[in-house]
Amino acid sequence: MDGDPTAPFAATFELELLGGGVERRYRKMRPEVEAMPWGTLDVRAIPEPVLIAARRAWTGAAFQEHRTGVACALTLRALMEARAPLDLVAMACRFPLDEIVHVELCARMAMELGGGSEILHDPSTLCPDADRSVAPLVRAAELAVRYFCVGEALSIPLLRGTWHAAAHPLPRAVLGRIVRDEAAHGAFGYTFLDWALPDLDEGDRAHVARAADETIDEIRRSWVEIGKRPATTASEAHALGWMETGAYLALAARSLRQNVLDPLLLRGIPVRDVAG
Ligand SMILES: [Fe+2]
Ligand SMILES: [Fe+2]
């Protein structure tokens, strides 16, 4: 459960397609979804517990992509309110669509494995919005740092690692597609920050650093949970598209240092130096 299960709008995470002409236009925009080698996974050879874990992992991935889509949309609004450069905003307009494509790819992977697992969530608390009491530029910096300089910059190397680990052509193709889209998302946060930095004073930078700290703490808590999961053998994990836990967590710690803490500190954003 993401958020409070007793929340008034708590709901199962399920999505549908409208179909007809709308779906045809969407397919034309992003033909890569239909081009995946769907139907090539033989689930009969996979032991039941591994299959259940894989369904849960891919449903969870779909949900995370959905959350990231919301985060991209929130950031986009803040960029427009801050009157960020037009070409930079135009680039970021593509990101919510990318994430929607990723949601569909991950959800269809779960279906290929026999069906999605149930996720109960609170749509009202999916992603924190920026602090409305600060200036538009600081809001945009807060969200760009929270969701891109930390969130996307950390998930990209992990996705790339998972892609390299995936042995079967279907998860390999799905992860390869996601990794290709995400490369632009990873670079975006720092491009924005480099444009905004001259106009951010010490107080603004401290505000942005606090948002980064909060996001890093949340992600590190999720790593603790991952560390508690029962281990799968490397071969089973590789075939279905995820990394062995130890390798994943080691890469996560390295990525936090190289892709998040060092580049933020270098730019004068005083984040807490949590990695060893
Ligand atoms: Fe994504
Ligand atoms: Fe992304």
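Residues in the range 64-73 that are of a type outside the set (Val, Ile, Thr), crowded, with 20+ Cβ neighbours inside 10 Å and either more than 16 Å from ligand 1 (Cβ to nearest atom) or under 13 Å from Ala144 (Cα atoms) (or both): Ala71, Cys72. Within the range 162-185, track down each residue that is modelled with pLDDT of 90 or more and open to solvent by less than 20 Å² (accessible area, probe 1.4 Å). Listed by number, the residues that qualify are Leu170, Pro171, Val174, Leu175, Gly176, Ile178, Val179, Asp181, Glu182, His185.
What number of residues in the range 83-118 are among the small types (Gly, Ala, Ser), more than 16 Å from ligand 1 (Cβ to nearest atom) and farther than 22 Å from Gly186 by Cβ?
At the first step, the residues of the range 83-118 found to be among the small types (Gly, Ala, Ser) are 84, 90, 92, 107, 110, 114-117.
Then keep just the ones that are more than 16 Å from ligand 1 (Cβ to nearest atom); that gives 84, 90, 114-117.
Among the residues that remain, those that are also farther than 22 Å from Gly186 by Cβ are: 114-117.
Number of matching residues: 4.
From the list Arg83, Arg77, Arg55, which residue is more than 16 Å from ligand 2 (Cβ to nearest atom), under 24 Å from Pro171 (Cβ atoms) and open to solvent by 20 Å² or more (accessible area, probe 1.4 Å)? If you could, list the steps in order and put the result at the bottom.
Details: Arg83 fails: under 24 Å from Pro171 (Cβ atoms); Arg77 fails: under 24 Å from Pro171 (Cβ atoms).
Being more than 16 Å from ligand 2 (Cβ to nearest atom), under 24 Å from Pro171 (Cβ atoms) and open to solvent by 20 Å² or more (accessible area, probe 1.4 Å) holds for just one of Arg83, Arg77, Arg55, which is Arg55.
Could you list, in sequence order, the residues of the range 33-63 that are within 12 Å of ligand 1 (Cβ to nearest atom) and in contact with a Cys (Cβ under 8 Å, 6 or more places away or on another chain)? Ala61, Ala62, listed by residue number.
Matching residues to (1) within 18 Å of the chain's Cα centre (by Cα); (2) in a loop (DSSP other than H, G, I, E, B):
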residue: Leu17; (1), (2): no, yes
residue: Val22; (1), (2): no, no
residue: Lys28; (1), (2): no, no
residue: Pro49; (1), (2): no, no
residue: Gly60; (1), (2): yes, no
residue: Gly69; (1), (2): yes, no
residue: Arg83; (1), (2): no, yes
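When Ala153, Ala144, Ala196, Ala140 are checked against the criterion of being more than 15 Å from ligand 1 (Cβ to nearest atom), in contact with a Gly (Cβ under 7 Å, 6 or more places away or on another chain) and open to solvent by less than 30 Å² (accessible area, probe 1.4 Å), Ala144 stands alone in meeting it.
Might you check whether a residue that is more than 13 Å from ligand 2 (Cβ to nearest atom), assigned to a helix (DSSP H, G or I), of a type in the set (Asp, Glu) and surrounded by fewer than 24 Cβ atoms within 10 Å (Cβ to Cβ) occurs anywhere in the range 108-117? Walk me through it before giving the result.
Keep residues of the range 108-117 that are more than 13 Å from ligand 2 (Cβ to nearest atom), which gives 108-117.
Still in the list and also assigned to a helix (DSSP H, G or I): 108-112.
Narrowing further to those that are of a type in the set (Asp, Glu): 112.
Cutting the leftovers down to surrounded by fewer than 24 Cβ atoms within 10 Å (Cβ to Cβ) gives us 112.
Yes, the range 108-117 contains a residue that is more than 13 Å from ligand 2 (Cβ to nearest atom), assigned to a helix (DSSP H, G or I), of a type in the set (Asp, Glu) and surrounded by fewer than 24 Cβ atoms within 10 Å (Cβ to Cβ).
Where helices (runs of 4 or more DSSP H) fall wholly inside the range 202-272, the ranges with 1 or more residues that are at pLDDT below 95 are 202-228, 234-240, 245-255.
The values are calculated or read from the model by the stated rules, or taken from the named source; none is laboratory data. Note that the structure is predicted; figures quoted are calculated from it, not measured. Reconstructed Cβ throughout: ideal geometry from the backbone, glycine too, with neighbour counts over all protein chains shown. All accessible areas refer to the heavy atoms of the entire protein, side chains included, with ligands and DNA or RNA removed. Shrake-Rupley method; radii C 1.70, N 1.55, O 1.52, S 1.80 Å.
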